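*Asks:* Mind looking over this structure? Questions follow.
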Amino acid sequence: MYIGVDYYPEQWPKERWKTDLELMKELGINVVRIGEFSWSLLEPEEGSYDFRLLDEAVSFIASYGMKVVLGTPTATPPAWLVQKYPEVLPVQEDGQTIGFGARRHYTVNSRVFRRMSRHIVEAMARRYGSLEAVIGWQTDNEYGHEKSDRSYGPRDQKAFQDWLKEKYGSLDDLNRRWGTVFWSQIYTDWAQIPVPRKVFQEHNPSLLLDFDRFCADAYTSYNKMQTDALRARIDKRQFITHNFVYTGLAQDQNAIAEDLDFISFDNYPVWGGLAEPIHPAAIARQHDLCRATKQGKGYWVMEELSGAQGWSQIGYLPRPGHLKLWTYQAISRGAEAIVYFRWRAARFGTEQFCHGILDHDGKPRRKFEEVRGVIQSLEPFADDFLEAVFPKEIGFYHDPENEWAWNIQPQSDNFSYPQEVLRFYEPAHALQMQTDIFREKEDLTDYKVLIVPVYFLAKKEMNEKFKQFAEAGGTIIFSYRTGVKDADNVVTDQTLPGELAELCGIEVHEYDSLRGERKGSVRGVRGALGGTGGNTEVWCDFIEPISAEVLAVYEDTWFDGKAAVTKNQYGKGTVYYVGSGLNRDMLLRLYKEAFTEAGLSLQMENTAVETVRRASGDVDYLSVMNHSTETAEHVELPAGSWKNASEKENEHVFKGLITLPPLTSIVLQKPKIT
Ligand code: GAL
């Protein structure tokens, strides 16, 4: 297994390299990522390259028997480039050009920028493409991050217009599908179509969604330019990856991934300004997203946080144990390699307070020892574990286009896509279910349950798959605002939930956006929800049951008794509709009922503890992680005698109820019962 560090040899005196590499070696590091921000060093002026420092660094690292991942340095276009070709700079929604001074200051729609990027990538590929120590490449760094996903300049506008011409073929088609008859927007020339810069009110939602698609496609093709430039020059054994972030950017990671050998992810459960790490379930979901990006293929964590992070604000200091916990969580959920960010905290530049395994003084201390412990603990079992497969239990829907549509029209000031997705993901996580993220291309046959939250932008192909899935006996849980829009971001003319009304056995005639402090109230009337009650948030769909039975109703002055949660039989399957931002307790009860009836066996319920089950040829694995920083948690193990996979001799036996101290993580194993 590869365990590495992100290292910036150019930021340290060469005399220090020896100490660094010796310490890395002592830790058990076997791969080092370098180079991703080094453009101005490598190409000090247009077309003239200076690889001396990188050559030295690569061969120095190699002399310690470690491998190198090279980043293409395009996230940081040099000052000379911007001075000479200011047109490469991105433009914000308000028309303001983003200047030189930080990073990601480019638009992928600038031909000049593409050309300049290609040249540096080709030059690097020629130089390092057959070097033994270089095992692979990372293109750029975190596409679209830090608001660099959208640019609104003249070059972007022209490229957008060309993209639209390609997509629609005729202006008549575009005008019809966007509904440009509204507010006198009928276009008679492609050149009239704007990029969605600031206007007095709001742009046409169909234009906005297409603009997001266009921005995503532009990055996909920019990445392909880089992978083509590399592949034509590098050895076949060298891989190409990209380190994604998944935070609602106008990016289609799955599409970019088609041109990569595998994907990578930068895992920062806490960052600058955050007082606490994000919810364990939110981190888990990001790993599920990584696994789904290339249809279940293992991925790298190219940046795994190792110390407190931040620029002008410093986030929460990860506690002793966090580093191991987040590493274990990553590899348990599908990561195949971990690269820690960063080796040592920089003394200068914007990221002075992005701490690493070593701090500014460069002395190995607590974090160093923690990484050493993690690496040693993985050694006995990692190889087999990484091959182990996941059980298929629950499919969890996510399509970035749906997220974009929500961001365009959140409809309630209380709506936040990540929060609502977490509302529907977290109880499944607390019930220790195995979740995989899917969208329309995935094969859903083996799942027992699909959870489909806030499926607002409903696509025909997906709708058909849902119907087939339920017909064949599967269980689906939909939420409020299902089936409202079509793929053009136009509202359906069918009674809600549109094409899915029959599947859900309901109609929605009226709804209420719960803004500000407003909450709704519901009362459970049947099944798992009978006798329960409580608040709801964000939204109320007032449901008219057609063939569905009613599980909960609203308590309301005007809409009292209207259905809030329903359950329908469709074919051999069962379809739930949760018409509101239901409170956790009720959602949890509903999930327990739905999961059990779907034939899944409930493990245990614990928000702080995460378990992941996997199986290799003859071993069952169980990762058990306590995310709580305060309380020890009790975990009832599945039947059998388990052993600590990290112990070479496997001397300790774990059985029945075990207690995990705060921030403890362990992988257990036992021979498979066949
Ligand atoms: C990542 C980025 C790194 C560094 C890090 C700081 O998003 O890829 O280059 O900026 O954050 O925590």
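Throughout, read-outs are computed from the coordinates displayed, never taken from laboratory work. The model shown is predicted, which means the values in this text are computed figures rather than measured ones. Positions of Cβ are backbone-derived with ideal geometry, glycine not excepted, and every protein chain shown enters the neighbour counts.
*Asks:* Only helical DSSP H runs with n ≥ 4 go in: add -39500 (n - 2.57) per run for the chain, normalise by residue count and round the 222 nm mean residue ellipticity to 500 deg cm²/dmol.
*Replies:* Taking each H run of at least 4 residues, the total per residue is -9500 deg cm²/dmol.
*Asks:* Dividing the alpha-carbon radius of gyration of the chain by 2.2 N^0.38 Å (N being the number of residues), what value is obtained?
*Replies:* After normalising by residue count via 2.2 N^0.38 Å, the value is 1.00.
*Asks:* For segment 394-597, what is the number of Lys pairs with C-alpha distance below 18 angstrom, counting only pairs 8 or more positions apart or on separate chains?
*Replies:* The result is 19.
*Asks:* What are the extents of the Cα atoms of segment 394-492 along their three principal axes, listed from largest to smallest and rounded to whole Å?
*Replies:* 34, 30, 18
*Asks:* Further question on the same structure: Convert 10 °C to kelvin, take the viscosity as 1.306 mPa s, use the Kirkwood radius over C-alpha pairs of segment 336-445 as Rh, and evaluate the Stokes-Einstein diffusion coefficient in µm²/s, rounded to a whole number.
*Replies:* The estimated diffusion coefficient comes to 86 µm²/s.
*Asks:* Determine the gain in length on full extension of the stretch residue 546-residue 407; use 0.36 nm per residue of separation and subtract their C-alpha separation, reporting nm with one decimal.
*Replies:* Contour length minus the Cα-Cα distance gives 46.9 nm.
*Asks:* Please work out how much length the chain gains when fully extended from residue 493 to residue 387, using 0.36 nm per residue of separation minus the C-alpha to C-alpha distance, in nm with one decimal.
*Replies:* Length gained, residue 493 through residue 387: 33.3 nm.
*Asks:* Next up: Please say if segment 394-597 is rounded, prolate or oblate, where rounded means a/c under 1.5 for a ≥ b ≥ c the square roots of the C-alpha gyration tensor eigenvalues, and otherwise the choice is prolate for a/b larger than b/c and oblate otherwise?
*Replies:* The shape class here is rounded.
*Asks:* I've got another one for you. Ranked highest first by the average count of other Cβ atoms within 10 Å around their residues, in what order do 572-583, 13-24, 142-153, 119-130 fall?
*Replies:* 572-583, 142-153, 119-130, 13-24
*Asks:* Residue by residue through segment 235-247, what is 3J(HN,Hα) from phi via Karplus (6.51 cos²θ - 1.76 cosθ + 1.60, θ = phi - 60°)? Round to whole Hz and write x for glycine and proline.
*Replies:* Couplings: 5, 4, 5, 7, 8, 10, 9, 9, 8, 7, 10, 10, 9 Hz.
*Asks:* With θ taken as phi - 60° and the coefficients 6.51, -1.76 and 1.60, list the Karplus ³J(HN,Hα) couplings across segment 445-455 in order, rounded to whole Hz; mark glycine and proline as x.
*Replies:* 3, 7, 6, 8, 9, 10, 10, 10, x, 6, 7
*Asks:* Sticking with this one: So who's got an amide H within less than 5 Å of the one on residue 239, skipping anything under 5 residues away but keeping other chains? H placed 1.01 Å off N, in plane.
*Replies:* Residues meeting the criterion, in which the H sits 1.01 Å from N, are 136, 137.
*Asks:* Now a separate question. Restricting things to alpha carbons, find the Rg to Rh ratio for segment 1-82 using the Kirkwood radius for Rh.
*Replies:* Ratio of gyration radius to Kirkwood radius: 1.01.
*Asks:* Arranged from highest to lowest average of other beta-carbon atoms within 10 Å per residue, in what order do the peptides 170-177, 638-645, 156-163 appear?
*Replies:* 156-163, 638-645, 170-177
*Asks:* Using amide H atoms built in the peptide plane, which far-off residues or other-chain residues are under 5 Å from residue 533 H to H?
*Replies:* 524
*Asks:* Starting from 0.36 nm per residue, how many nanometres of slack lie between residue 416 and residue 569 once their C-alpha separation is accounted for?
*Replies:* Here the segment from residue 416 to residue 569 would lengthen by 52.0 nm.
*Asks:* Then there's this: Given labels modelled 7 Å from the Cα in the Cβ direction, how far is it in nm from residue 200 to residue 79?
*Replies:* Using points 7 Å along Cα→Cβ, the separation is 4.4 nm.
*Asks:* Place a point 7 Å from the Cα of residue 312 along the Cα-to-Cβ direction; which residues of segment 262-286 have their backbone N under 18 Å from it?
*Replies:* Correct set: 271-275.
*Asks:* What's the whole-number percent of alpha carbon pairs in segment 609-671 lying beyond 20 angstrom?
*Replies:* Roughly 22 percent, rounded to a whole number.
*Asks:* Also, quick follow-up: Taking the Cβ-Cβ separation of residue 365 and residue 188 as r and a Förster radius of 56 Å, what is the calculated FRET efficiency to the nearest 0.05?
*Replies:* So, using R0 = 56 Å, E works out to roughly 0.25.
*Asks:* Summing +1 for each Lys or Arg and -1 for each Asp or Glu, what net charge is found among the other residues whose Cβ lies under 14 Å from the Cβ of residue 628?
*Replies:* Every neighbour counted, the sum reads -3.
*Asks:* For every other residue with a beta carbon closer than 14 angstrom to the beta carbon of residue 255, add +1 if it is Lys or Arg and -1 if Asp or Glu, then tell me the sum.
*Replies:* -4
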